[in-house]
Structure formats: C-alpha cells, structure tokens
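Just so it is clear, none of the values below were taken in a lab; they were calculated from the coordinates. These numbers come from a predicted model, not from an experiment. Using ideal geometry, Cβ is built from the backbone for each residue, glycine included, and neighbour counts are taken over all protein chains shown.
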C-alpha cells in the first residue's frame, strides 16, 4: 500500500506540472505538428534530467495547444479551471464535450483519463489512454498513467511493460527509474 501511495503522490505532482503548461496557448498549425515528433526524438537522447525536463515542458505545451478549432480554447480553459479547482465530475463532463467537438485533440482524451483516474474509474481511464495512444503512441504522460493504473490493479507485468516503454521514450524519466526496479523485484525476485 505504501508503494501505491508514493506513486499516487508523484502522479498528482506530475499532473500539477503538466496542467501548469496550459496557460496562454494557441492552436497548432500543421507546420508545428512535426515539432512534437522532433522533440520526442530529442527526449529519447536527453543527456540529463534537466534537459529532459525542458524538452518535456515544450512537448506538453504543444500537446495542450493541439486543438483544431480556435473557438475551443475557451472550453479547454474552462475544463482546466474545473480540473485545477478539484471539480472533477464537472471537469469530466467538460473534457467529454471537448472530445465530442474535436476527437483528435489528444489532450482532451488525456485530461479526461486523468480525471477518471482521480475519480477511481480505472477502466474508463485506461480506455481514454488507449485513445491517446492511438493518436500519439509516444505520449509519455498517458503511458505513465497506464503504469499507475496497472500498479493499482496489481497487474505488475502490465505496469512493468508500461514503464519499460516509457523509459525507451524518456530515458531520464524519474518514475521509470524509480519504479522499474521495484516492479522487477516484485515480478522476478530481483532487479534486472
């Protein structure tokens, strides 16, 4: 249980950092979309946690800006305000509406997955994560979230797979570095 509470605390802290990048964003143009892929490539080769953190921040910013219709900005801002205020049921409804308006908006799915996780709807959260990963297979936030859910559900092999995938995308990721040895010990009796 202690393992899960540590992981949950780290997840909530990561959410706070991710949401902080939502201020002042503008829609992505088709020219900017490849920037995410270039940055994800750079993240895989970041030499230290500091440079990886800077790259991650740029990626989160672009993901949050990834909506198509400029009129959706107010809706997204409102949904994020509800989320930040802890009004999770209302935030879930707001993100669901955003998903209906723009089903290809990756962060709409990701934020609803986060809200569902915090509400204890792990099945719904995993379904939303699947939608995120269909649209952005290297979404490190969604992959980390799936690892958390699998840990919560005591599905340690799937959690291990999630964190192995995460460390390939983001080798400087603190969660992977911290929790892969614990999962390896749980699964194999020792850290690999």
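Okay, here's what the table says:
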item	result
FRET efficiency for residue 93 and residue 186, using Cβ-Cβ distance with R0 set to 41 Å, rounded to 0.05	0.65
Sites residue 84 and residue 130 - FRET efficiency at Förster radius 30 Å, r taken between beta-carbons, to 0.05	0.75
Orientation-averaged projected area, Cα convex hull of the range 39-192 (nm²)	9.1
Net length gained if the chain between residue 35 and residue 158 were fully extended (0.36 nm per residue, minus Cα distance)	41.3 nm
Reference-scaled alpha-carbon Rg (2.2 N^0.38 Å with N residues) for the range 43-100	1.43
Tensor-based shape of the range 62-145 (alpha-carbon gyration tensor, a/c under 1.5 rounded, otherwise prolate or oblate)	oblate
Net lengthening on full extension, residue 101/residue 119 (0.36 nm per residue, minus Cα-Cα)	4.2 nm
